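Undergrad: Before we start, here is the structure in question, set down as structure tokens.
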Amino acid sequence: MRTRDNSKEQLVKQKAVELMVKHGMEGFSMNKLAKECRISVATLYIYYKDRDDLIMNIATEGGTLFSDALIKDFDPDASFEDGLRVQWKNRYQFMKEHPQLNLFFDQLRSSSYQEKFLAGFLQEFKQMMGKFMHNVIARGEIEKMPFETYWSIAFSPLYALARFDYEGQSLGGMPFKLTDEVLWKTFDLVVKALKK
């Protein structure tokens with residue numbers, strides 16, 4: 001029986017994420033992954049029982065990393081602006097440090113893995129965010145609204161800017177590099193839109 005090699009397993013995960021980001025879930029296979037890692041397909045099955053096991057393993061591990069990043073220095077008793085600022089800072093930092101993983105999450109969100117992916121890792125974050133939202137609404141800082149409305153206003157601008165930055169261009173094809181000035185000016189506009 002062959003043993004697990006941790007460095008090889010990390011390479012497998014890294015290459016799997018890169019392939020899924022580049023070719024999508026549909027274009028990803030264990031054969032392509034083995035070729036990319038320069039190992040046999042049989043070696044992959046030392047680490048994972050099948051393609052789904054590999055994808056969910058990466059999703060779970062990455063999700064835990066993301067969840068830990070989201071709650072770093074986050075206080076559910078903070079004011080709306082201060083709490084949202086920490087969320088933007090944490091999310092943006094995560095996107096900069098893990099760009100491929102962030103794009104992999106985008107793939108998961110539009111796949112059959114979405115439900116399993118989202119169900120597992122955000123429990124502590126959901127509790128903290130629920131308390132935060134309850135507090136800011138109770139204090140009258142923002143109005144109660146559907147979650148989807150809140151999320152679209154609060155975070156979509158951040159993710160759009162991060163995508164422009166990653167691609168190096170804006171919608172019109174003009175070169176784009178996200179600066180702190182642009183990031184926090186956008187944040188100020190988001191806060192203004194959401195506050196009563």
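The values are calculated or read from the model by the stated rules, or taken from the named source; none is laboratory data. Treat the numbers as computed from the prediction; the structure is a model and nothing was measured. Here the Cβ is made from the backbone with ideal geometry for all residues, glycine too, and neighbour counts use every protein chain on show. Keep in mind that these areas ignore ligands, DNA and RNA; they rest on the heavy atoms of the full protein, side chains included. Shrake-Rupley method; radii C 1.70, N 1.55, O 1.52, S 1.80 Å.
Undergrad: Is there a residue being modelled with pLDDT of 95 or more and in contact with a Gly (Cβ under 7 Å, 6 or more places away or on another chain) anywhere in region 167-187?
TA: yes
Undergrad: Restricting the search to region 107-162, which residues are charged (D, E, K, R), without any contact (Cβ under 8 Å) to a residue 60 or more places away in the chain and either within 19 Å of Arg91 (Cβ to Cβ) or assigned to a helix (DSSP H, G or I) (or both)?
TA: Arg109, Glu115, Glu124, Lys126, Lys131, Glu148
Undergrad: What's the number of the condition Val12 fails, among (1) aliphatic (A, V, I, L, M); (2) within 21 Å of the chain's Cα centre (by Cα); (3) surrounded by fewer than 18 Cβ atoms within 10 Å (Cβ to Cβ)?
TA: Going through the list (1) aliphatic (A, V, I, L, M); (2) within 21 Å of the chain's Cα centre (by Cα); (3) surrounded by fewer than 18 Cβ atoms within 10 Å (Cβ to Cβ), Val12 breaks only (3).
Undergrad: Could you check region 51-70 and list, in sequence order, the residues that are out of contact with any helix residue (DSSP H, G or I) (no Cβ under 7 Å at 6 or more places or on another chain), open to solvent by 60 Å² or more (accessible area, probe 1.4 Å) and farther than 16 Å from Gln114 by Cβ?
TA: Within region 51-70, Glu61, Leu65, Asp68 meet the criteria.
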